[in-house]
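The values are calculated or read from the model by the stated rules, or taken from the named source; none is laboratory data. Since the structure is predicted, the reported quantities are computational estimates derived from the model, not experimental observations. Heads up, the Cβs are rebuilt from the backbone with ideal geometry, glycines too, and the neighbour counts pull from every protein chain shown. Surface areas here come from the heavy atoms of the whole protein model, side chains and all, with no ligands, DNA or RNA. Shrake-Rupley method; radii C 1.70, N 1.55, O 1.52, S 1.80 Å.
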Amino acid sequence: MSAFSPIWKDIDDTKQGTPYVVDSDGWGWFALFIFISIPFLMIGGAVLQTSYWICQHLILSIIVYLAVSFIIGVIFYFRNSVKHRICGIIASVISMVPLGLGVFLYAIPYVMLDDSFSSIFDWILVAALLFGVMYFIFSICNLLKNGLTHLIIAIVFLAISCFFIFGLISSESDIITWEAIKRVYGT
């Protein structure tokens, strides 16, 4: 009776024509899978709770998000070797807007209207994708050290992101509509 014996061993050992009887071997794999799933369940719970809180405090969330993006822009363009600092600070805010739009317009309403594993996975996927592109833009602009170039890149990123976010909303028209988004946020 081994806890980590091969999972399908009892099926392989069953003689043809005899009934399949489950033995107690391999129970350790089940326990391991349950143990491994706990962090994912915690992340899912955190996503749900964060989404509920943001829906209840929408204006505060938007103000905090824009303030944090402004502070990041000020810190990012505080160095002396950077050209066009004001454009760079504005570009930092614009670079972070697609992440906020993706989360506020698509991910949170999707989680609130259909709180399933798929919606939570979409929330994480959309946020991670937009955060990755945003991080890449900040990394490139850190090398360029020019706020005007960052502003142009940020505007292009915002336009492309808006196109894809509005496309996601229209592709999920059975769940997410503009009326449903208004209903989720109580406006």
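Of the residues V156, V97, V111, the one that moves most in a GNM of the chain with alpha-carbon contacts below 10 Å is V156.
Other residues with beta-carbon under 15 Å from the beta-carbon of N146 carry, at +1 per Lys or Arg and -1 per Asp or Glu, a net charge of +4.
Note on S116: accessible area approximately 40 square angstrom, rounded to 10, probe 1.4 Å, nucleic acids and ligands left out. The equivalent ellipsoid of the chain has semi-axes of 46, 22, 15 Å, largest first, where each one is the square root of 5 times an eigenvalue of the Cα gyration tensor. For the residues Y106, Y52, Y135, a GNM of the chain with alpha-carbon springs under 10 Å puts the largest fluctuation on Y135.
For segment 111-116, the Karplus equation 6.51 cos²θ - 1.76 cosθ + 1.60, evaluated at θ = phi - 60°, returns couplings of 5, 6, 8, 9, 7, 10 Hz by residue, with Gly and Pro reported as x.
Here is the tail figure for segment 39-109: Cα pairs spaced more than 20 Å apart come to 43 percent of all pairs. When the helices of the chain are scored as -39500 (n - 2.57) per DSSP H run of n ≥ 4 and the total is divided over every residue, the value at 222 nm lands at -25000 deg cm²/dmol.
The charge dipole of the chain, taken about its Cα centre with unit charges on the Cβ of Lys, Arg, Asp and Glu (plus for the first two, minus for the last two), comes to roughly 1280 debye. Loop sites here are trypsin sites (Lys or Arg not before Pro) outside DSSP states H, G, I, E and B with no more than 16 other Cβ atoms within 10 Å. The longest part of the chain free of them is 80-144.
Take every pair of alpha-carbon atoms less than 8 Å apart whose residues are at least six positions apart; their mean separation over the length of the chain yields a relative contact order of 23 percent.
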